[in-house]
Every structure is written in C-alpha cells, then in structure tokens.
Amino acid sequence: MIPASFEYHRAASVDDAIEALGRDEDAKLLAGGHSLVPAMKLRIARPSVLVDLGRLDELRTISVSGTSLEIGAMTTLTSLIRSSEVEVTRPILAEVAATVADVQVRNRGTLGGNICVNDPTNHFPPLLVALDASMTVAGVDGERVVPAEEFFVGVFETAVREGDLLTRIDVPAGGKGTGDGMAGVTLGAHGTYIASAAASVSGVAWRVVLGCVAAVPVRATAVEERLSGDIDEQSVRAAVEGLGATLDPPSDVHASADYRRSLAETSAVRAVLQASERAKG
C-alpha cells in the first residue's frame, strides 16, 4: 500500500527537530524507518509530518567519557559492531547487534530506534536494563536522564513523550571483574526473540533481566540475590529454579505461556554462565 500524504522536514539540529515536533502533535521522527515506514504503508501510522534525523551527525557518535560509554541514539547497529570503543568497554553490545536481522537492516537500523519502538521481542531492551544503562531525552523543557528500568513503560511505549527526542544512551564501561551475557531463542537465525535473558555481573553484584515475558523487561531480582560465591552450572540452575512460576508471559502462535516460562529459565541459566565466565577473563 501507499502511505497517506504527509509533509517532510529534514532536521538541521536537535533543537530544530524538537521545534518541528512541537509544531504538530501528529509529527513523527524518522530514524532507520524499519518500524515506522511499514506501519505507514499499512496506514496504521498516519503522521502529518515526518521529521528526518538522518543528517544529525551529533546523534551518531560513540565515545568513552570517564567510566561511561556514550552512544548517540542514531548510531546504527553496524556502527556498534565496528566500534573499537564498544569492543573495549562493552563488547556484548556489538555481539548482540550482529545477531539482529540481516546486513541491510543493521546498516539502517539504529540503537535508538530499536529501544524506542520497545517491541518486547527486540534484542536491546533487556540487555540495556541488565547493563544498567541510562537514556538522555531532550524536549522543549530541556534534557532529562531516564534509567533503563524506567525507560520501558509498555508494549511500544517508552518514557519518550510526544515532542521528545532520545539523544543518547549511556552504558557503564566494563572493567575488571565485569562480565555480560545474553541468551535466548529466536524466530530463525536472526529473527526476533521468543524468549530471552541478559545477565551482567560486576564484582559480586548481579543483574539478570528477562525479555518477551511481559510488556517490559523483567528483572529477576530473586535470582540475583541467590547468585553468590563460586558460580557453576549447578549453582546457577539452583538459583533460577522456580523462576518460571513467577512469570505471566503471553501465549501466541510462536509459543505457549508455559513454553516461554521454560525458555526464560533456560535462557537465564545460559546468560548467567556466559557472564560469569567472561568476568573471570
């Protein structure tokens, strides 16, 4: 189908983009376009104005500042994969980016777009919560920083309000004793997840987060509290035991709720073991 008619505005700066959004409540931001454009073709989305962020190079930077890895919201997944800063500080981001879809999608798709859509089956929402990331959101009232745990608020909903623009994702830089892992089951080799889990450890502090079991990423705090001392498969399975019973995932054509509960437990075990092994290195 052909999209409904709309006006096009190419933003010259972040302030220009925010101003354009403020002029029309039905304006939408265009980043990579992989979610918005198909919705427009089906006329599910009918923006009156498209505000194109494609030429805002200030939103494409990757840098390390102090103990934080700073990633511009318009950074493509391909750029994440190729970034030396990511490789040195938080390589799990590049590893996960490399599993998303295909080369064409990774060349156009952006990290900011992936998380702002907040499809529960997407790769990065649970991972960024596990990494204790934070998001910088700009609007007419200035900037505010939102922790990843508060950023995802519902299916296809985030803390980015009408007229707002996500500008940056900050991830604590890893160091000695830090390890990250992610595991799950996807639709095909590079599809979206049926169930997923991300884990991160720094010293003795664990963060374990589940994807695809609710509208937003779910922290498995009970599992985190049980992870201590020497980590091996037996101890991790003991820590994860019973996790599925605490979840209320959806059933759909891809998986029943019970199957997702089982996958969530298995994915959590694998993610924790991966993170633990990397923390030793």
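The values are calculated or read from the model by the stated rules, or taken from the named source; none is laboratory data. The structure presented is a predicted model; accordingly, all values stated were derived computationally and were not measured. Don't worry about glycine lacking a Cβ; one is built from the backbone with ideal geometry, like all the others, and counts go over all protein chains shown. Keep in mind that these areas ignore ligands, DNA and RNA; they rest on the heavy atoms of the full protein, side chains included. Shrake-Rupley method; radii C 1.70, N 1.55, O 1.52, S 1.80 Å.
Annotation: amide H of residue 64 within the under-5 Å range of 70, sequence separation 5 or more or interchain, hydrogens built in the peptide plane. Dividing the helix sum by the residues of the chain, where each DSSP H run of 4 or more adds -39500 (n - 2.57), gives a mean residue ellipticity at 222 nm of -9000 deg cm²/dmol. Each of 220, 251, 269 was placed along the dipole of the stretch 162-281 (beta-carbon charges, centred on the mean Cα), and the one lying farthest toward the positive end is 269.
Using a ≥ b ≥ c from the Cα gyration tensor of the stretch 144-231 (square roots of the eigenvalues), is it rounded, prolate or oblate, where a/c under 1.5 gives rounded and otherwise the larger of a/b and b/c decides, a/b for prolate?
Values: a/c = 1.88, a/b = 1.31, b/c = 1.44.
Since a/c reaches 1.5 but b/c is at least a/b, the shape of the stretch 144-231 is classed as oblate.
For residue 186, nonlocal amide neighbours, meaning residues 5 or more places apart or on other chains whose placed amide H falls under 5 Å from its own, are 194.
Taking amide H as placed 1.01 Å from N in the peptide plane, the amide H of residue 27 sits under 5 Å from that of 48, 49, each at least 5 places away or on another chain. Within the assembled protein chains, the solvent-accessible surface assigned to residue 144 is about 60 Å², based on a 1.4 Å probe.
If r is the Cβ-Cβ distance from residue 43 to residue 252 and R0 is 22 Å, what FRET efficiency results, to the nearest 0.05?
On the way: r = 24 Å, r/R0 = 1.09.
Rounded to the nearest 0.05, the efficiency is 0.40.
The 3J(HN,Hα) values that the Karplus relation (6.51, -1.76, 1.60; θ = phi - 60°) gives for the stretch 117-131 are, in residue order, 5, 6, 6, x, 8, 6, 6, 7, x, x, 5, 5, 5, 4, 7 Hz. Gly and Pro appear as x.
Within the assembled protein chains, the solvent-accessible surface assigned to residue 149 is about 100 Å², based on a 1.4 Å probe.
In order along the stretch 191-197, the phi-based Karplus estimate (6.51 cos²θ - 1.76 cosθ + 1.60, θ = phi - 60°) of 3J(HN,Hα) comes to x, 6, 7, 8, 7, 8, 8 Hz; Gly and Pro are listed as x.
Going from most exposed to least, what order do 212, 116 have by accessible area with a 1.4 Å probe? Could the numbers behind the result be given before it?
Values: 212 10, 116 45 Å².
So, going from the largest accessible area down, we get 116, 212.
Please check which bits of the stretch 44-78 a label hung off residue 176 would reach, taking the label as a point 7 Å along Cα-to-C-beta and the cut-off as backbone N under 11 Å. Backbone N within reach: none found. Solvent exposure of residue 71, expressed as accessible area, is near 0 Å², computed with a probe of 1.4 Å over the protein chains only. In a simple Cβ point-charge model (Lys, Arg +1; Asp, Glu -1; nothing else charged), the stretch 188-281 has a dipole of about 220 debye relative to its Cα centre. Segment residue 15..residue 190, full-extension length gain: 59.4 nm, with 0.36 nm per residue of separation and the alpha-carbon distance subtracted.
Could you give the size of the charge dipole of the chain about its Cα centre, using +1 on the Cβ of each K and R and -1 on the Cβ of each D and E, expressed in debye and rounded to the nearest 20? Intermediate values should be presented prior to the final figure.
Details: 25 positive and 37 negative charges, 130 e Å.
Charge dipole of the chain: 620 debye, to the nearest 20.
Karplus-derived 3J(HN,Hα) values for the stretch 222-233, using 6.51 cos²θ - 1.76 cosθ + 1.60 with θ = phi - 60°, are 5, 5, 4, 5, 8, 7, 7, x, 5, 9, 9, 4 Hz; glycine and proline are entered as x.
Using a 1.4 Å probe on the protein chains only, how many percent of the accessible area of the chain belongs to carbon and sulfur?
On the way: 6700 of 13390 Å².
Answer for the chain is 50 percent, counting heavy atoms of protein chains only.
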